[in-house]
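Okay, so here's the structure we're looking at.
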Amino acid sequence: MGVPSKWTTISVALHQSAHSPKCFINNEWHDAVSKRSFPTINPAAGEVICQVAEADKVDVDEVVKAAREDRGLLLSWLADAIGRDTAYLVELKTLDNGKPYFVSYSVDVPMVVKCLRLSARLPPASGMIFCLIVLTEFEPVDY
């Protein structure tokens, strides 16, 4: 399946966003309306991996508006790009949350691809994306 010229491959977007605190909306980089960003931290080293744009409602509304017509196709392309760039994304995920590489590689990223593929097949009117998001905060145990 080819990617139409109006869309840049998602892997480029992911790579660019790792180095630039901007939002990727309708095939273009934009500053967040709030102009704010926040750091994502490597929990093992306590170092900043990168700055991430802090999108607010206006930014999200623009993304939804841009993607509404091509929802299923875009979700399929995103799943393809994540599948293709698994090694790079697993490294970022492991740095970002400190989870073992093996778990990110064998469970987390493949599940994202499966969720996106399922969601791409749903009728657009459903407005749903079926993915389970689990946030875990690890704190030191005091003995």
Practice problem: Kindly provide the set of residues from segment 97-117 that are modelled with pLDDT under 85 and outside any loop (DSSP other than H, G, I, E, B), ordered by number. | Solution: N97
Practice problem: Enumerate the pairs (first residue in segment 86-98 and charged (D, E, K, R); second residue anywhere and part of a helix (DSSP H, G or I) and open to solvent by less than 50 Å² (accessible area, probe 1.4 Å)) with beta-carbon separation below 6 Å, excluding pairs fewer than 6 apart on the same chain, so at least 6 apart or on different chains. | Solution: K93/S104
Self-check item: Pick from segment 78-105, criterion among the acidic types (D, E) and under 19 Å from C50 (Cβ atoms), ranking: least open to solvent (accessible area, probe 1.4 Å)
Solution: D85
Exercise. Considering only segment 28-64, state which residues are in a loop (DSSP other than H, G, I, E, B) and more than 15 Å from the chain's Cα centre (by Cα).
Key: D31, A32, V33, S34, K35, R36, P43, A44, A45, G46, D56
Quiz item: How many residues are surrounded by fewer than 14 Cβ atoms within 10 Å (Cβ to Cβ), of a type in the set (A, V, I, L, M) and under 16 Å from P21 (Cβ atoms) if we restrict to segment 39-59?
Solution: 1
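Identify, please: which residue in segment 25-37 is among the hydrophobic types (A, V, I, L, M, F, W, C) and out of contact with any strand residue (DSSP E or B) (no Cβ under 6 Å at 6 or more places or on another chain) and is, among those, surrounded by the fewest Cβ atoms within 10 Å (Cβ to Cβ)? Step through it out loud before you land on a result.
Quick first cut of segment 25-37, residues among the hydrophobic types (A, V, I, L, M, F, W, C) only: 25, 29, 32-33.
Among the residues that remain, those that are also out of contact with any strand residue (DSSP E or B) (no Cβ under 6 Å at 6 or more places or on another chain) are: 25, 29, 33.
Working: I25: 19, W29: 15, V33: 17.
Per the stated criteria, the residue is W29.
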Practice problem: Give I129, I133, I82 a once-over and let me know the one that is modelled with pLDDT of 85 or more, closer than 24 Å to A32 by Cβ and not in a strand (DSSP E or B). | Solution: I82
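The values are calculated or read from the model by the stated rules, or taken from the named source; none is laboratory data. None of these values were measured; they are calculated from a predicted model. So basically every Cβ, Gly included, is an ideal-geometry build from the backbone, and we count neighbours across all protein chains shown. In case anyone asks, the SASA skips ligands and DNA or RNA and just uses the protein heavy atoms, side chains included. Shrake-Rupley method; radii C 1.70, N 1.55, O 1.52, S 1.80 Å.
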